[in-house]
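Visitor: Supplied in structure tokens, the structure appears directly below.
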Amino acid sequence: MLHALLLTIAVSFGGTSVQCAVDTGSAITVLSRFQASRVIAKQSLPTVAPLQGVGGQPIAAALYSIPNVATGELSWTDAIFAVLPDESLGSTGCLLGMDLLGRQPVVFDWQSKRVLPFRTGSTLTEIAPLRYVTMAPDASLAAGRDASSNAGVGADPTAVDNPLGGGAADGDVGGA
């Protein structure tokens, strides 16, 4: 089931906590109308902008800015998010997109359901017990069979034992 593969984390939008799915395929952070109504100041005026949905369909979205967005380990200032109808996001209610995730190198910790900053000089052994680690928003993927041994770092990414199938180099993360 695809929903089980979602990494969801608590994200604070100006002090209001919202559960968000981490979505590296989304160029911008998106909230449902319901979730946005919890975090938008009443005096905030949106900017309407055209966006492209999955498959390229045009979507008119209201864009709002918020001064502070944070998780337990990461924080962003002057964030912008799009607001879409509740039914557009299903039960998720929030997608944390690359507009925020791409501002700094991060590590996705699937076991503890966290997104952590990647610190310069860190090694995979310092981040253990992670098995698969995305280290930089500019697309480099360092993955290891066993993070504690640093196996796979600098190795051919197609040789990674990917439990979802496919090779890391061809972008296949288990696909159909």
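Visitor: Can you list, bin by bin at 5 Å, the percent of alpha carbon pairs in the range 2-101, starting at 0?
Guide: Percent of pairs per bin, in order: 3, 13, 26, 29, 19, 9, 2, 0.
Visitor: In addition: Pull up all non-local amide H partners of Gln19: gap of 5 or more, or a different chain, and H-to-H distance under 5 Å with H placed in the peptide plane.
Guide: Val11
Visitor: Extension gain Ala41-Asp86, at 0.36 nm per residue separation less the Cα-Cα distance, in nm?
Guide: Full extension from Ala41 to Asp86 adds 14.3 nm.
Visitor: What is the gain in length, in nm to one decimal, between Gln111 and Thr8 on full extension, counting 0.36 nm per residue of separation less the C-alpha to C-alpha distance?
Guide: Full extension from Gln111 to Thr8 adds 35.9 nm.
Visitor: Measuring from a point 7 Å past the Cα of Ser75 along Cα-to-C-beta, which residues in the range 10-48 have an amide N at less than 14 Å?
Guide: 12-16
Visitor: Would you please give the residues with an amide H less than 5 Å from that of Thr71, counting only those at least 5 places away or on a separate chain, with H modeled from the backbone geometry?
Guide: Amide H neighbours of Thr71: Ser12.
Visitor: Still on this structure, please answer the following. Using only the alpha carbons of the range 1-40, what is the convex hull's orientation-averaged projected area in square nanometres?
Guide: Seen from a random direction, the Cα hull of the range 1-40 projects 3.3 nm² on average.
Quick note: the coordinates plus some simple rules give every number you see, no bench work behind them. These numbers were taken from a predicted model, which means no experiment stands behind them. Here the Cβ is made from the backbone with ideal geometry for all residues, glycine too, and neighbour counts use every protein chain on show.
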